[in-house]
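Data first, discussion second: the structure below is written as structure tokens.
Computed from the coordinates by the stated procedures, all read-outs in this text should not be read as laboratory data. Predicted model only: the values in this text are computed from it and were never measured. Here the Cβ positions follow ideal geometry from the backbone for every residue, glycine too, while neighbour counts run over all protein chains shown.
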Amino acid sequence: MRAKGAPPAEDHWLLLDAGNSTVKLYCWPEALPAPYLVSVVAAHEWRTSPARERSDVIEWEGLVRGWLSHSAAHCLGLVWSSVVRPVTAMMEDMIDSLVTEPISRVPLFRVDHRAALGYALDYPRPETIGADRLACLSGLLATGLGLEQRYRIAVDLGTAVTVDGLEVGTPFAGGCIAIGLSASVESLRRTAPDLPPVVLPGEEDARRIAGIGNSTESAIMAGLLWGAAGQVAALVRQRMAAWGCLGREVEVVLTGGDAPRMEPYIRDLLSGLVESPQLVLDRDLLCRGLRSIGRRAVRLGRI
């Protein structure tokens, strides 16, 4: 586990994002334009049985409790989002135990279909929607976009790729989930072991990958990067077609670990549309959504 810093002596939010690959704790002081990472631990630590006995998990739980204890006077709330069942169970246990502790005065908000999302849901089984997807959609409403962008699409490029659209003022009715770039690399390694191994390039190197490879390695890399970008572009175009809207009315926000690497490829493919949507890279979209859910819950008295 990697940890950073100490609780600030100013009003702030604690934001917990438990994803498929990592579990991260962020601090977002109200005076700062962006959050900063407090700690991160691999999600597989929680998937290893018995997770609660592993040192990293014990240390991480202690860190969360320590931050809540030392920052109770300034912490506006802890908002948590989890798609990892053991983390969800651990957080529920922790919250139950905090009720009898002095730090219980820190508001604790879980993101699910019952949270103060800022939009309605038109979904057959809303309890099955991933908390990360819900938070990213809330983040779309907190980005301060222009009035012209009536339609907004969150593209989260992580272990899985999610493409979810929201027409301002209407309920969320569904989206798309696809395999992520890193997962594609791992799948290729396992199912085609005779192919040479490849390592995904960094953000700057990724901008130099051609669409046609002149070696097996470069062909794999071109297929992975341009294929992943094409997947996203196709899903965005499908969402726009379903809305029947013009490109200038649409804001597409890229986020997630692979977003900086994929942004130039997706931008290139979407620019071929007659009217291209506005494309934005927002590394903090999910955290922005978590904070907005906490703020809205406080305003509505859901404490």
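For the chain, report the % of Cα-Cα distances exceeding 30 Å. Please list the in-between numbers first.
Details: 16557 of 45753 pairs.
That tail contains 36 percent of the Cα-Cα pairs.
Which Cα, out of 242, 219, 230, lies furthest along the positive dipole direction of the range 144-281 (beta carbon charges, K/R +1, D/E -1)?
The Cα lying farthest towards the positive end belongs to 242.
Which order results if 75, 245 are arranged by neighbouring Cβ count within 10 Å, fewest first? Write down the numbers at each step before the final one.
Working: 75 22, 245 17.
Final ranking by Cβ density, sparse to dense: 245, 75.
What nm distance separates the two modelled labels at residue 280 and residue 112, each placed 7 Å from Cα along Cα→Cβ?
Roughly 3.0 nm, to one decimal.
What number, in percent, do you get for the relative contact order of the chain if the mean sequence gap of Cα pairs under 8 Å and at least 6 apart is divided by its residue count? Each step should come with its number before you reach the end.
On the way: 522 pairs, mean separation 54.0, N = 303.
With pairs under 8 Å counted, the relative contact order is 18 percent.
What distance in nm lies between label points placed 7 Å from Cα along the C-beta direction at residue 36 and residue 6?
1.4 nm
What share of the DSSP beta bridges in the chain is antiparallel, in percent to the nearest 5?
On the way: 27 of 48 bridges.
The antiparallel fraction comes to roughly 55 percent.
Could you work out how much longer the chain between residue 271 and residue 200 gets when fully extended? Use 0.36 nm per residue separation minus the Cα distance between them, nm to one decimal. Each step should come with its number before you reach the end.
Working: separation 71, 0.36 × 71 = 25.56 nm, distance 2.42 nm.
That pair, residue 271 and residue 200, stretches by 23.1 nm at full extension.
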